[in-house]
Amino acid sequence: MLPREKALLALYDVFYEEKYSNMAVKDALKGENAGIDKNFIAQLIYGTVRYKLTLDYIIEKNSDIKLKKMSKYVLLILRMGVYQLCCLDKVPQSAAVNESVKLANKYAFRSKGFINAVLRNVAKNKDITDFPTDRIKYLSVKYSFPEDMVKRLSRFDFCEDLLKSLNREPKTTIRINTLKCKNLENVEASPLYEYAGYVKSLNIADSKEYNEGKFTVQDVAAMMPVLALSPKENEVCVDVCAAPGGKTTHMAELMKNRGKIYAFDIYPHKVELINKNADRMGIDIISAEVFDATKVYEPLLEKADKVLADVPCSGIGIISGKPDIKWNKEDISELPKIQLKILENASKYLKIGGELVYSTCTLYSEENECVVNEFIKNHKNFELQKIELPSPLMQENDGYITLYPNFSETDGFFIAKIKRCR
Ligand SMILES: C[S@@+](CC[C@H](N)C(=O)[O-])C[C@H]1O[C@@H](n2cnc3c(N)ncnc32)[C@H](O)[C@@H]1O
């Protein structure tokens, strides 16, 4: 199957079958040999998902049929065609139009002429000349974000830069498993953390080194909560929302695979992933179980030196790698309540003097500072603790740090550190 057809079918799954964009890319590339342009397939999928709102705006301006009246394949072929015309320098206009018409031949035969006409119109009028005048609407159309998201992020005076950086194509980043090696070939070292690096390959998880457990695929920002927690050899640690184990295995590395980590997740199939990752990486101090973190696991009350609560969240900080988050229809209004409940229960596992890190990959204050402040207000025996991070990402702080992608060139993350003092 040719790259554009692969991408079209993957986009169908993302937009109409609720498949995550990163999974759609992974599945589209599965089994493909070196001859096919994997980067192009990935770019078509991620780019079309990332710029959906802007692409739809352009399509509406160049069509006399409303988007709502178009069939699924017509709309997808148009989105992918407009993306090539307006966002990819390397694709000739003729190829963008003609290849889209070929796809229409197979998937939207009766609309072939219409698709051809719309794309030819767009090719002549690529630049948007009539952006909305309202600031939120303007940013929404220009950077392809839902208005509600722009509104929430507009509390930052660097909102426009932030939106731009959330649209960047992320680098594939790995964390070296220090239990097995201290460096790896063909990895560009990261200036942000000594055991982080960047790789070119798209299917890195098929490599020999990955299967030998020499590294984990993880953004540098996602390494910071565990560095902030700093678990030590022979400590007892708890990770309450642990799957697939990216941070649990990092904890085990810092602990030199000595001590004990109790790792939980609510989904059985995800708990399996924690075990699989630990096995792959030669780690045997993790005990993984299915458990709902909004409940209390009695056997661990006051037993832990360190606790990690890397809670479920709206995921705004990781939009560059998972652009479908922009279009997620899930109601996020209940999240802060769940996050606070998880934090309260997680805190109960700490011994006196023990420390907890609360982290999210979102930038909404309702899920970050507000949750932590509410916890501290209601629990007088806990205090915020200064966070230490590797110097390139270190910020002056009194117990919480936010990494903004436009400044840190990582995913967006929030980290708070709390100590049980009595
Ligand atoms: C941000 S992810 C954790 C990522 C993980 N710490 C890592 O670094 O690989 C949040 C996790 O919380 C899990 N989760 C959601 N609700 C939960 C609950 N009530 N109790 C326990 N886990 C939950 C999700 O399945 C998801 O795996």
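The values are calculated or read from the model by the stated rules, or taken from the named source; none is laboratory data. For clarity, every value in this text was computed on a predicted model and none was experimentally measured. For neighbour counting, all protein chains shown are included, and Cβ atoms are generated from backbone atoms with ideal geometry for every residue, glycine included. Just so you know, the surface numbers come from the protein's heavy atoms only, side chains and all, with ligands and any DNA or RNA stripped out. Shrake-Rupley method; radii C 1.70, N 1.55, O 1.52, S 1.80 Å.
Quick notes on this one:
- Members of region 12-34 that are over 17 Å from Lys329 (Cα atoms) and crowded, with 17+ Cβ neighbours inside 10 Å: Asn22, Ala24, Val25, Ala28, Leu29
- Count of region 338-368 residues which are more than 14 Å from the ligand (Cβ to nearest atom), open to solvent by 40 Å² or more (accessible area, probe 1.4 Å) and under 29 Å from Ser408 (Cα atoms): 1
- Subset of region 168-221 that is basic (Lys, Arg) and closer than 18 Å to Gly246 by Cβ - its residue that is surrounded by the fewest Cβ atoms within 10 Å (Cβ to Cβ): Lys180
- Considering region 309-327, and only residues there that are open to solvent by 20 Å² or more (accessible area, probe 1.4 Å) and either part of a strand (DSSP E or B) or β-branched (Val, Ile, Thr) (or both), the residue that is nearest to Lys417 (Cα to Cα) turns out to be Asp310.
- Any chance Val217 is under 21 Å from Gly353 (Cβ atoms) and either within 13 Å of the ligand (Cβ to nearest atom) or not basic (Lys, Arg) (or both): no
- Among the residues of this structure, Leu335 does not count as one that is within 16 Å of the ligand (Cβ to nearest atom) and buried (at least 22 other Cβ atoms within 10 Å of the Cβ).
- Residue within region 244-251 that is modelled with pLDDT of 95 or more, within 18 Å of the chain's Cα centre (by Cα), open to solvent by 40 Å² or more (accessible area, probe 1.4 Å) and assigned by TED's automatic domain parsing to the domain that holds Phe291 present: yes
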